Amino acid sequence: MLAVAHPLKLNDLSRPEDLGEKYQHDKQVDTEIAEVLSSLRHLLIKYKMYSKAKESPVVSGGLQQFIINKLKKRGEQEKTLTQRLKALYLRDESVHFSAANTAGEEMSLFDCMPLDVKLHIFSFLDTRSMCCASSVSHGWNQLLSDDLLWRDRLAADRLTWSQVSHVTNPQTYTEAASDFSCKEIYLRCSPEVQMKHREENSTFHQVSSMLKYLMPKKAPKVAMFGPGLESSTSAIVRKMLYEDQSVFHRVAMFPGQFDGVGAGMTLQLPSGQTFHLSVLYSASRRERENQPQENRMSWNRMLNQQHQQESGEGEVTYELQPALQQLCHTLNAFIFVVDASDTRESVASSRLELITMVQERWATPQVPVLILSCVPTATSPRLPAVEMAQILQLSSFNRPWLVMDCVTDTLENVDKGVLWMIEMCQRK
């Protein structure tokens, strides 16, 4: 829209320095007017199409059509197009900006604009502003519920979300061909909106947390594994188990049960929840350092290769070692660590390891899976959480899952993911 500058009046200025200021102000206004008129003139020439009657040109384009129609209706006919545009810019009284609707009520300049111009203006608002603006009037609410507007916003903002779960995954709604609009899907999946709802219901969550504390439950037993333990994000184990930090407090150690497999440490969060954590590596440290990560499945000691078809479409299948199979049946949750700074192809190749581990508890869909999408530092580039869920095909899982963006160096968001996992484990 055109910026409006109100010229100063001479009787408002009395001092010489004020006259100099007026001169500078008028000069600046004239420069702005010349630039605006030049831009509009080029736009009008570009979009002008002449009809049979040369005196009535037809202009294509929503904003240009709107300006021309207004000038024709309210402007003085003897003035040139440039003079009328100048009058519009300076808010000359001969050019009016209001019109009447069918009910006789006066309409604003925004209401007179074409639909595509209104939507283009609204597209510059952020999500919070769009939700606030939708409560201005019924007409604005209808405009701000436009599916195209929210589809573009969903496609852009979902890449910035730091978490996505089995109930907040936009891909699930797409695959199910749901009848929800893009606005409804956005509000159901956005972490910011979910946090806002949680803040509004903070009293309920505080009371429920107190009741859960008064009725303590058994600490869940969890296994942590994945390629992220053997790449640039491997420091997460050292940070959680061996270094002093304020996120996880070491309570005690427990021995392994099945051929020495399953040993780990009991950790406690600042909120008081505890869990038993076992870390599972694919091989010894020396073997991991000397083996290429591209062929990780071929030398993974946790897995046994079962079958390979000779045809070109053959697929290699794996199963867990017997000791790990017994361990999985005692677990209450899985933590799969992936390096989000790695390539999509590398992340996709780790899906078979995740599937092989989770299949041991496929008959118990209440066992959750936490995906820690880690990067070494906060400035490291990463794959978005929604893309991580898509690469690992988590929408096909029959259990609760959550992808949480984390930072290994500071353990940022690791505690949030663990709290979600404990809450899922304690649900009946």
* Asked: Could you list, in sequence order, the residues of segment 244-259 that are over 21 Å from Asn413 (Cα atoms), surrounded by fewer than 14 Cβ atoms within 10 Å (Cβ to Cβ) and of a type outside the set (A, V, I, L, M, F, W, C)?
  -> Pro255, Gly256, Asp259
* To do: Could you grab me the full set of residues in segment 138-190 that are among the β-branched types (Val, Ile, Thr), assigned to a helix (DSSP H, G or I) and either open to solvent by less than 40 Å² (accessible area, probe 1.4 Å) or under 13 Å from Ser123 (Cα atoms) (or both)?
  => Ile185
* Say we look at segment 348-366 and pick out the residues that are crowded, with 21+ Cβ neighbours inside 10 Å and of a type in the set (A, V, I, L, M); which of these is farthest from Gln163 (Cα to Cα)? -> Met357
* **Close pairs from segment 246-264: first among the aromatic types (Phe, Trp, Tyr), partner open to solvent by less than 40 Å² (accessible area, probe 1.4 Å) and assigned to a loop (DSSP other than H, G, I, E, B), Cβ under 7 Å, at least 6 apart** => Phe248/Leu269
* Among the candidates Asp342, Asp405, single out the residue that is in contact (Cβ under 8 Å) with a residue 60 or more places away in the chain and open to solvent by 30 Å² or more (accessible area, probe 1.4 Å). => Asp342
* Residue list for segment 129-169, filter: among the charged types (D, E, K, R) and in contact (Cβ under 8 Å) with a residue 60 or more places away in the chain -> Arg158
* To do: Exactly one condition in (1) assigned to a helix (DSSP H, G or I); (2) polar (S, T, N, Q); (3) more than 28 Å from Asp405 (Cβ to Cβ) is not met by Ser129; state its number.
  => (3)
* To do: May I ask you to verify whether Leu354 is hydrophobic (A, V, I, L, M, F, W, C), in a loop (DSSP other than H, G, I, E, B) and either within 11 Å of Pro227 (Cβ to Cβ) or in contact with a strand residue (DSSP E or B) (Cβ under 8 Å, 6 or more places away or on another chain) (or both)?
  => no
* Of everything in segment 260-283 that's out of contact with any Ser or Thr (no Cβ under 7 Å at 6 or more places or on another chain), under 16 Å from Leu331 (Cα atoms) and modelled with pLDDT under 90, which residue is most open to solvent (accessible area, probe 1.4 Å)? -> Gly260
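The values are calculated or read from the model by the stated rules, or taken from the named source; none is laboratory data. No experiment lies behind these values; they were computed from the predicted model shown. Quick reminder, even Gly has a Cβ in these numbers, built from the backbone with ideal geometry, and neighbours come from all protein chains shown. Side chains are part of the model used for accessible areas, which takes the heavy atoms of the whole protein and leaves out ligands, DNA and RNA. Shrake-Rupley method; radii C 1.70, N 1.55, O 1.52, S 1.80 Å.
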